[in-house]
Amino acid sequence: MKQVLIFLSLAIPAFAQTNRGELLLTVTDPAGLAVKTAVQITSEANQYRNTLATNDDGTLRVPRLSYGIYQLTIEQPGFAKVLESIDIHSSIPLDYPVRLQVEAKPESVTVQAEGTLLDPDRAGSVNEIGSEMIQRRLSSLPGRSIQDLVNTQPGWLYEGNAVLHPRGSEYQTQFVVDGVPLTDNRSPSFGPEIGANDVDSMTIFTAGFPAEYGRKMGGVVEVNTLRDPQPGFHGQVVLSGGSYSSAGTFVMGQFTWGKNLLGFTASGARTDHYLNPVVPENYTNSGTLGDFSVNYQRDLTANDRLNVIARYALSRYQLPNEIVQQTWCYPPGGITGPPCQRQNANNFEPMVIANYRHIFSPSMVGNFGGMARNSSNDFYSNALSTPIILFQHNWFNELYLKGMVTIDHGRNEWKMGLESDNTFLHENFNYIITDPSQFDEGTALSFSFPGYYPSQGQRPDLEQSAFVQDLMRLGNWTLNLGLRWDHYQLIVNKQAVQPRLAISRYFPSLGLIAHFSYDRVFQTPSFQNILLSSSFESNLINPDFLHLPVEPSQGNYFEAGVSKAFRNNLRLDVNYYLRNVHNCADDDQIQNTTISFPISFQKAIIYGAEAKIEVPSWHHISGFASYSYMVGNAWFPVTGGLFLGQDVQAAETQLGGHFPDSQDQRNTLFTRLMYQVKPRFWVEGGIQYGSGLPFEFDGDYQTALEEYGPQVISRVNFARGRIYPSLLVSASAGVDVYKSERMSVRFQADGQNLTNVLNVIDFGGLFSGNAIGPARSVTMRLTTVF
């Protein structure tokens, strides 16, 4: 509560928008009088399809449209059908008047719209996930619905407990939520989620990064939770439930009147499969989540807009037991012993975001704002825990400020901005070892941090940046040139300048775009337990220790690819990429615990190819298939981190050579295909294939067999040091139970891992972070929109 009060006392400025534009539409009749009508806006490239209504004065404002080509359709009785294309490629609001004509002269008002499956002005490869895909997604276990959606895109990979790894990067994923970058780990075991029901659209980058993005550059996921405004009260209610005693509810409401918009969301969920367990028995793995938000927006004047979002999210969950931890107090023979080991964790996160936008002129707009939040992560064990009893209370206060100006000048759109991210870290950690045989000789049986020097457990992480970028459209050529400066000050003090380049060429006769991008990146280390691992007090854990400061990663990213449309029914994207990173970021654990901290290796080289096929709609069929091929290697020696006991000798003697990146899964495939059987009934199916991650195991085959049994060991290839491939099959069916202009009710049932494959994601041995995916499961979801 103390931290929450501190957080709420902070002054709140506002944030700047991302690469989205705004459409201001005015519809009139031949006499110039306002027309109240329905307007359909569609972009296949951005997966955007929405039908909105103009106000009584004939105006419609659509404030958050990703850059691209949109098709505008108006069918008003008594008037000719309107079909036009609109180009949104600037943050400057676009005024677009439409004058309807009487039906007798359709040829004078109907314009054949261009296809929207390709965006000829897009300089690099971007993956979009629209509201329709989010609504019809496969149901997820609570805590990972956004991660599951991102994981279907090429280049992304799960490891451990739904931790996303873009193109082989470790903990370098950045979520930009309503314009605010969240650079901390957003996986279920590190922070509460913003659920997919709360999300309207997502934009995903793995290359061609705009210069306004920095610090965590493995991949960037833009998350937009704000809905298009519509007069009156509108909302959504979602009820779900299924296997593992999972259940959830989500409620959203939005009321628009005059120049004001007020919205709210509330959600809650629980499950008995919160994290990926370490053994198939799925011991002690329940979790509960909650999320609440309020959004207020007001147009102060024609040129000024204020938006404020307040959000509070929480999660409480258990950590799964190993077999030895479970049987230690429940011995064989059916004799029930005392309560077993229980290790619990929770996360709490209040957040306030604010944004102020001012239009200086028809070609210049400014965004000024920021975010303040408090985020805490607690971990605690009962007295029966083995081999160690752990307690952790980590929390931070963050104040983020950003100002950006956009200038639209002919073929150029300039963006210039400043950022300041100030994170005040607090760490508290202590342990008591209950089984010394599981630890290196000399390991202290108990330890507390901070100890004699409380100041070691708190320190500010201060980061500043400045950027400038120019998006140029030169006929069929598009260039995005950027330059970014970052300064990082925590354990080390470093700064860097990063040039960015993305260029594309559109070939209209072929319906093809060829593109190339180069990104120089400066990536700050994860701050998870970085004060503990860098403190001299950690030397008390073991007399054999090695401290190396973890410095930011710096690297060069290259990508080349093509996008091809086939008769506006199918799009094919193919990309090849290369990443060369110095001070490659990774993580390690404190002595057989779940407490992780950042480390780094000399360098990493990661390369691969990706392909994606999208079918928006073709003869009642729609869907996608994404494929990724990746090869990743990291090179010794280690260049940063804390090393204790036997790890010290390995770190000091292993000075050369390379090894597979821990996300080096060579082949990954996702497919989803939907068939619209009837106008209100559809079926859908898909597969997920992974060729298997590499693993390290210090023991022998017999030891692993005794610890995990033949079922798990049969999925592990000890000869190759890789997990065997897995193929998971899913199927869905849905029906629109009720549909009218004012309300719709949709029911969907999902079956996942229908062949019941034991999905071993990670394998590391006892107390080293195994991860096993869910078995066969069924989920049902009822969605009401009004």
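The values are calculated or read from the model by the stated rules, or taken from the named source; none is laboratory data. Since the model is a prediction, treat every value here as computed from it, not as a measurement. Positions of Cβ are backbone-derived with ideal geometry, glycine not excepted, and every protein chain shown enters the neighbour counts. Heads up: the accessible areas ignore ligands, DNA and RNA and are worked out on the full protein's heavy atoms, side chains in. Shrake-Rupley method; radii C 1.70, N 1.55, O 1.52, S 1.80 Å.
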Determine if region 308-321 includes at least one residue that is part of a loop (DSSP other than H, G, I, E, B) and touching a residue at least 60 places away in the same chain (Cβ under 8 Å). yes
Selection count where residues are assigned to a loop (DSSP other than H, G, I, E, B) and under 16 Å from F545 (Cβ atoms), scope region 636-666: 1
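Residues are listed down the side, and each one gets a yes or a no for (1) open to solvent by 10 Å² or more (accessible area, probe 1.4 Å); (2) modelled with pLDDT under 90:
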position: L157; (1), (2): yes, no
position: N161; (1), (2): yes, yes
position: H165; (1), (2): no, no
position: Y171; (1), (2): yes, yes
position: F175; (1), (2): yes, no
position: T183; (1), (2): yes, no
position: E193; (1), (2): yes, yes
position: S201; (1), (2): yes, no
position: I204; (1), (2): no, no
The strands (runs of 3 or more DSSP E) lying wholly within region 157-262 that contain at least 2 residues that are among the small types (G, A, S) and out of contact with any helix residue (DSSP H, G or I) (no Cβ under 8 Å at 6 or more places or on another chain) are 232-242, 246-257
Could you tell me which of the residues S553, S538 is surrounded by 22 or more Cβ atoms within 10 Å (Cβ to Cβ), over 16 Å from I605 (Cα atoms) and touching a residue at least 40 places away in the same chain (Cβ under 8 Å)? S538
Members of region 472-494 that are open to solvent by 60 Å² or more (accessible area, probe 1.4 Å), closer than 20 Å to G555 by Cβ and touching a residue at least 24 places away in the same chain (Cβ under 8 Å): L483, K494
Every residue in region 423-443 that is modelled with pLDDT under 95 and either under 14 Å from G645 (Cβ atoms) or charged (D, E, K, R) (or both), please. I433, D435, P436, S437, Q438, F439, D440, E441, G442, T443
Would you point out the residue of region 315-327, among those that are open to solvent by 50 Å² or more (accessible area, probe 1.4 Å) and of a type outside the set (A, V, I, L, M, F, W, C), that is nearest to E22 (Cα to Cα)? R316
Is at least one residue of region 627-643 within 21 Å of L138 (Cβ to Cβ) and surrounded by fewer than 19 Cβ atoms within 10 Å (Cβ to Cβ)? yes
If the requirement is being in contact with a strand residue (DSSP E or B) (Cβ under 7 Å, 6 or more places away or on another chain), at pLDDT below 95 and surrounded by fewer than 20 Cβ atoms within 10 Å (Cβ to Cβ), which of these qualifies: N344, N382? N344
Please find, among Y330, Y312, Y296, the residue that is at pLDDT below 90 and either open to solvent by 70 Å² or more (accessible area, probe 1.4 Å) or among the acidic types (D, E) (or both). Y330
Looking at region 399-453 only, could you name the residues that are open to solvent by 30 Å² or more (accessible area, probe 1.4 Å), closer than 29 Å to Y488 by Cβ and touching a helix residue (DSSP H, G or I) at 6+ places or on another chain (Cβ under 7 Å)? H426, N428, P450, G451, Y453
Within region 256-273, the count of residues that are open to solvent by 40 Å² or more (accessible area, probe 1.4 Å) and either touching a Pro at 6+ places or on another chain (Cβ under 6 Å) or modelled with pLDDT under 95 (or both) comes to 3
Residues in region 504-525 that are of a type in the set (G, A, S), in contact (Cβ under 8 Å) with a residue 40 or more places away in the chain and open to solvent by 30 Å² or more (accessible area, probe 1.4 Å): how many? 1
Inside region 169-219, can you point out the residues that are under 12 Å from the mean Cα position of the chain (by Cα), among the aromatic types (F, W, Y) and more than 28 Å from Y356 (Cβ to Cβ)? Y171
In region 111-164, what residues are basic (K, R) and over 12 Å from the mean Cα position of the chain (by Cα)? R122, R136, R137
Inspect all residues belonging to region 147-154 and state whether any of them is open to solvent by less than 20 Å² (accessible area, probe 1.4 Å), more than 23 Å from G242 (Cβ to Cβ) and at pLDDT 90 or above. yes
Residues of region 74-89 being under 23 Å from N46 (Cα atoms) and either in contact with a Ser or Thr (Cβ under 7 Å, 6 or more places away or on another chain) or of a type in the set (K, R) (or both), in sequence order, are I74, V82, L83
Being more than 30 Å from G475 (Cβ to Cβ), open to solvent by less than 20 Å² (accessible area, probe 1.4 Å) and modelled with pLDDT under 95: is that true of S375 here? no
Given (1) under 27 Å from R186 (Cβ atoms); (2) hydroxyl-bearing (S, T, Y); (3) touching an Asp or Glu at 6+ places or on another chain (Cβ under 9 Å), index of the condition S538 fails: (3)
Qualifying strands (runs of 3 or more DSSP E) (wholly inside region 483-560; at least 2 residues being more than 24 Å from the chain's Cα centre (by Cα), aliphatic (A, V, I, L, M) and modelled with pLDDT under 95): 545-548
Looking only at region 767-774, decide whether some residue is under 24 Å from the mean Cα position of the chain (by Cα) and of a type in the set (A, V, I, L, M). yes
Give region 597-623 a look and list any residue that's of a type in the set (S, T, N, Q) and open to solvent by 10 Å² or more (accessible area, probe 1.4 Å), or say none. Q602, S617, S622
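A quick yes/no check of all residues on (1) modelled with pLDDT under 95; (2) more than 30 Å from T116 (Cβ to Cβ):
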{"residue": "R579", "(1), (2)": "no, yes"}
{"residue": "D587", "(1), (2)": "yes, yes"}
{"residue": "Q591", "(1), (2)": "yes, yes"}
{"residue": "F597", "(1), (2)": "yes, yes"}
{"residue": "W618", "(1), (2)": "yes, no"}
{"residue": "M630", "(1), (2)": "no, yes"}
{"residue": "T668", "(1), (2)": "no, no"}
{"residue": "F681", "(1), (2)": "no, no"}
{"residue": "G686", "(1), (2)": "no, no"}
